[in-house]
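Quick note: the coordinates plus some simple rules give every number you see, no bench work behind them. This one's a predicted model, so the numbers in the text were calculated from it and none came from an experiment. When we count neighbours, we look across all protein chains shown, and the Cβ atoms used for this are built from the backbone with ideal geometry, even at glycine.
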Amino acid sequence: MTSSQAVRAVLAGLEHSRSWQEELYRDVHRHPELPHQEHRTAALVAERLRSAGYQVHEGVGGTGVVGVLANGEGPVVLLRADMDALPVREATGLPYASAVTATDATGAEVPVMHACAHDAHVACLAGAAHLLAEGREHWTGTVVALFQPAEEAGDGARAMVADGLAGLIPPPTVALAQHVMALPAGQSSPAPDPCCRQQTACGSPCTAAAPTARCRTPRSIRWCSRR
């Protein structure tokens, strides 16, 4: 079997998983959680991974979840999604819109919304993990499904590493993250690490209406463009 045939075989189950992925997306969107508070979301993905046959580690770095699926000799592929939402009030009018409020790190009560597609990231990675588990006869190696907390706070990845992530997984051959972009359905646009940095030039989220001279990294620009 060629690699293209193997990919098609793994993706053959996509139509069967699409409905529960959409339900998961709407559920997570309806119940967003602030950085370091992603307990409900973490429980949902942990159960999905466990039911698919992954070895699951919960509470990594606080609320992070890591699933490991070993399937013989081969590369170790780490797939990462972020789980946290933003202190934003939703006004989309969607039937599954968020009406959630929560207490932020300063003690203030704030509205919460998935305004940066982390709900989609969670659903996509849960679906990919499921498909890879169901189609494991068509590939060999190890899949690591990593659900990271507190991306918006900028310290979730560090917390997972500090909590012993390296001892829970084999060294990755490659690590892949995802972002929802304005592309036609069915297309992807891979890019190297520098476009996905998580630090700002000034060390804190920028509140300017447009990027300034102090905000040169892509992470800063993404913060600025959201305000």
- Show me 182-191, 72-81, 140-149 ranked by packing, highest mean number of other Cβ atoms within 10 Å first. 140-149, 72-81, 182-191
- Message: Test of understanding: what is the full-extension gain from Ala153 to Thr103, defined as 0.36 nm times their sequence separation minus their Cα-Cα distance?
- Response: 16.5 nm
- Item | Mean Cβ count within 10 Å, highest first, over the residues of peptides 62-69, 44-51 | 62-69, 44-51
- Simple spin-label estimate for Ser3/Gln55, 7 Å along Cα→Cβ, in nm, reads 2.7 nm
- Zero-based 10 Å bins, Cα pair distances in the stretch 1-103, whole percents: 12, 35, 32, 16, 4, 0
- To the nearest 0.05, how large is the calculated FRET efficiency for Ser188 and Glu137 if R₀ is 30 Å and r is the Cβ-Cβ distance? 0.75
- Pairwise label distance in nanometres, Leu94 with His16, each label 7 Å out on the Cα-Cβ vector: 2.7 nm
